[in-house]
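Below is one structure; the comments refer to it alone.
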Amino acid sequence: MDKVSILRTSAFRRDEALGYFQRVLDLATATLSNERDAVVLALYRSSVEEYRTALQQDFFREETEAMNQANRTVHRQFRGMKHLIQGMLLHPDTKIQKEAQEVMNLIKKYSDISKGSMDHRYGVLDTMMNELSTVTSEVQEDLGIATWLEGLTLAIAKYKVARDVQRNERVEYQIGLVKNCRATLEEDYRKLTNSVNAYAITFGDEEYASFIEHINAMIKVEKAVLKSRTTRSEAKKEETDASKPSQDGEANTPETPQEGDSTTSQPSGGSDVANKEDTE
């Protein structure tokens, strides 16, 4: 008598798991019509939907990365402008040297831009930008910082938008929800398949033959995919290990046959807004 094969569902990636469990749900809905299957099937269906909902929280992760990327852009813009001004301190025109020193002194007033929370840092940055906006257009042109100030202002605005979106998402985010829902779903999947196997033995496999046949075909495909992935991963690891130097500093190459070995052959030749260094 056929029964549902065992599948290590924990090896699935998140989206793969949802896809597989949804296909099983579709199959079960279409083939398991007996009342005795209703309870375990309803439980499984609920777990699939809860897992799907939990995965939608990954949007929060995307927004966090968008915020971090915006912060890195602010950091680059700030550093670029500061390095430009530092270069102008060596300008052959003493007038420009003096202008550069005045702007640099202004920036140095805000040394705590690299300290405290992100809200504190951006508060300090806003204050600095307000003061920099008072630098005359003539000085900005002499130093070539007008474009940098515009770029930095835009980068700060984009960061704040990304930060606000991320914070709104964080209110709804539940830590560990995906992991917990995944564990529950896998348990309910096992309950469903174990129930089918048990009922097939108890009541005969005629009612469950279609479900068992089709799910085993699905499992066969998934096992092949997982096996292929494992093989590629192991091969990549072996390649990496082989390229690592050994303790004596040489690459891990096959040992040279010892003298007298019949196989011996002659070897051929041959994110923060600003790092502390920015405020020094």
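The values are calculated or read from the model by the stated rules, or taken from the named source; none is laboratory data. In this text the structure is predicted, and so the values were computed from the model without any measurement. Here the Cβ positions follow ideal geometry from the backbone for every residue, glycine too, while neighbour counts run over all protein chains shown.
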Q. Looking only at helices (runs of 4 or more DSSP H) that fall completely inside segment 100-204, which ones have 3 or more residues that are of a type in the set (Phe, Trp, Tyr) and surrounded by 12 or more Cβ atoms within 10 Å (Cβ to Cβ)?
A. 177-203
Q | Considering residues of segment 205-235 that are outside any helix (DSSP H, G or I) and modelled with pLDDT of 90 or more only, the residue surrounded by the fewest Cβ atoms within 10 Å (Cβ to Cβ) | A | GLU207
**Q.** Flag if LEU18 is over 19 Å from the mean Cα position of the chain (by Cα) and in a helix (DSSP H, G or I)
**A.** no
Q: Would you point out the residue of segment 51-90, among those that are polar (S, T, N, Q) and closer than 22 Å to SER114 by Cβ, that is surrounded by the most Cβ atoms within 10 Å (Cβ to Cβ)?
A: ASN71
Q.
Step by step: first the residues of segment 1-19, then only those that are in contact with an Asp or Glu (Cβ under 7 Å, 6 or more places away or on another chain) and more than 24 Å from GLU50 (Cα to Cα), then the one that is surrounded by the fewest Cβ atoms within 10 Å (Cβ to Cβ). Which residue is that?
A. MET1
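Per-residue answers, yes or no, for (1) hydroxyl-bearing (Ser, Thr, Tyr); (2) out of contact with any strand residue (DSSP E or B) (no Cβ under 6 Å at 6 or more places or on another chain); (3) at pLDDT 85 or above:
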{"position": "GLY116", "(1), (2), (3)": "no, yes, no"}
{"position": "GLY123", "(1), (2), (3)": "no, yes, yes"}
{"position": "LEU132", "(1), (2), (3)": "no, yes, yes"}
{"position": "THR136", "(1), (2), (3)": "yes, yes, yes"}
{"position": "LEU149", "(1), (2), (3)": "no, yes, yes"}
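For (1) polar (S, T, N, Q); (2) more than 18 Å from SER137 (Cβ to Cβ); (3) assigned by TED's automatic domain parsing to the domain that holds GLU138, each residue gets a yes or a no:
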position: MET67; (1), (2), (3): no, yes, no
position: LYS82; (1), (2), (3): no, yes, yes
position: GLN86; (1), (2), (3): yes, yes, yes
position: LEU90; (1), (2), (3): no, yes, yes
position: LYS95; (1), (2), (3): no, no, yes
position: ALA100; (1), (2), (3): no, no, yes
position: VAL103; (1), (2), (3): no, no, yes
Q | Every residue from segment 200-215 that is closer than 27 Å to ARG52 by Cβ and of a type outside the set (Val, Ile, Thr) | A | TYR208, SER210, PHE211, GLU213, HIS214
Q) Residue check: is LEU43 part of a helix (DSSP H, G or I), of a type outside the set (Phe, Trp, Tyr) and in the same structural domain as ALA198 (by TED's automatic domain parsing)? A) yes
